[in-house]
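The values are calculated or read from the model by the stated rules, or taken from the named source; none is laboratory data. Note that the structure is predicted; figures quoted are calculated from it, not measured. Glycine also receives a Cβ, built like all others from the backbone with ideal geometry; neighbour counts cover every protein chain displayed. Each accessible area value is taken on the protein alone, full model and side chains, heavy atoms only, with ligands, DNA and RNA left out. Shrake-Rupley method; radii C 1.70, N 1.55, O 1.52, S 1.80 Å.
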Amino acid sequence: MATPRSHKRERQSEPTALMSLGDDMLAEILCRLPSLPSLARAAFACSRLRNVASSSSDVANRFISPAPLLGYFASVVGGDIPSFHRALLLSDRDVAGIVRRGDFYLANFEDYDWRLMDCRQGLLLLTSDRCMAVFDPVASSLVPIPHYTSNVGGKSSFRCFLPSCSGATSFRVLCLESTGGGKVRPHVYSSCTGEWCSHLLAPKGIKVPRRGDPHSNHYLPMHAGGHIYWRTNAEKLTSLNVSSMEFSHVGLPDEVHHSSSYALGDTEDGTTCIVSVSTKYHQKLDIRVWFLKEEDGSSWERQWRVDASELDLLAGPVTPSKVLKVYHVTAGIVLLSMGYKNNGIRYLAFRLKDTHWEGTTKTKTNTKRQSLILADLCTSSGWVQPCFMTWPRPSLKAAGSTKNASASGSEQEAAAGSNKKKQV
């Protein structure tokens with residue numbers, strides 16, 4: 001005879017709620033996620049997870065790997081709001097989720113004509129006639145910055161980020177002012193103080209880069225090794241040490257001349273490098289890479305030489321209708337621009353990599369070889385800057401504030417009128 005079922009069911013233990021766990025346990029769970037985009041996507045589920053992800057040293061050390069390429073911000077000719085192009089070759093669903101959740105299409109900036117000045121460490125520096133703004137598109141947080149106002153009638157045209165020295169929520173902005181007599185004075189805005197700090201005049205011979213061709217990268221800042229570089233003449237680069245705020249000139253490699261297309265940046269491990277491209281015999285593309293020598297900081301040593309004509313997307317001879325230029329170098333990603341007269345500009349992103357290949361039938365050995373691995377591509381009518389995901393970080397905060405700055409016009413106008421300055 002079958003045993004009758006008991007009317008009383010054994011009480012099951014209730015599942016442990018995630019938010020009932022301590023911060024250390026939550027950090028341990030977040031450390032087990034497979035990638036930085038998956039961490040960011042999970043952390044944005046609630047404010048507590050985000051705070052744990054942003055404040056835990058274990059989480060920061062776990063995801064210290066190179067930041068993924070999210071896409072590109074393109075400055076449209078005519079001063080319209082920069083447009084965003086998501087990386088096409090990224091199949092990571094977490095990356096796609098971060099782009100959808102964030103404000104990469106700059107919906108908060110539709111009121112004014114904003115121009116993109118710099119894109120660094122996942123932050124955007126934009127400027128308009130009223131003020132500037134630093135924006136984190138992943139977190140959709142914005143901090144308005146007042147324009148620097150000169151007391152001597154100088155013009156401020158070059159603006160870019162400086163490395164932060166006070167944590168993930170802080171930032172610094174550099175503004176170069178052209179004063180009377182052709183002199184240059186640097187000014188630095190710190191989000192920690194909410195003030196502009198004016199530094200000593202630059203030595204004679206230091207010039208501010210001037211915007212020319214809207215498709216040219218000559219005006220863009222080049223960040224590497226604790227310095228900011230820009231072009232001022234055909235033979236030299238101007239360098240600013242961001243720690244000492246001292247200017248200097250750095251010569252180009254002997255094989256790079258005024259007609260060469262090149263850009264300065266850094267590799268995945270942070271080494272300062274120059275990447276140059278030239279046409280060899282008007283048929284092949286020769287890409288060369290130089291590293292800056294650490295002992296003197298002013299001379300170069302050639303490291304790589306890659307025959308770019310082997311790339312599938314660039315196969316065939318270079319013709320007058322196809323112009324290839326090195327446009328940007330960041331974290332080992334080399335951005336090449338291929339211009340077409342009627343179809344805009346096509347940008348190709350490659351990653352510099354060491355590969356091994358079998359030797360010829362004569363050598364029968366394995367040889368180390370440098371190559372370019374296609375990372376992404378996009379097409380735009382203006383110049384572009386790659387956007388990397390640098391996270392986790394708390395929301396950006398202005399000096400003395402306890403909440404995120406909003407993008408309202410009244411706050412921006414107030415910021416534009418509170419131009420505090422001091423001299424050092």
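For region 100-122, a residue qualifies if it is open to solvent by less than 10 Å² (accessible area, probe 1.4 Å) and under 14 Å from Phe84 (Cβ atoms), and the qualifying residues are Phe104, Leu106, Phe109, Trp114, Leu116, Gly122.
Going by what's in this entry, would Thr16 be described as among the β-branched types (Val, Ile, Thr) and at pLDDT below 55? Judged against the criteria, Thr16 is not a match.
Quick one: is Pro253 modelled with pLDDT of 85 or more and either crowded, with 19+ Cβ neighbours inside 10 Å or not in a strand (DSSP E or B) (or both)? Yes: the conditions hold for Pro253. Could you go through region 49-68 and let me know if any residue there is open to solvent by 80 Å² or more (accessible area, probe 1.4 Å), within 25 Å of Leu377 (Cα to Cα), of a type in the set (Lys, Arg) and under 23 Å from the mean Cα position of the chain (by Cα). Looking through region 49-68, none of the residues is open to solvent by 80 Å² or more (accessible area, probe 1.4 Å), within 25 Å of Leu377 (Cα to Cα), of a type in the set (Lys, Arg) and under 23 Å from the mean Cα position of the chain (by Cα). Every listed requirement among (1) in a strand (DSSP E or B); (2) modelled with pLDDT under 90; (3) touching a Phe, Trp or Tyr at 6+ places or on another chain (Cβ under 6 Å) is met by Phe158 save one, (3).
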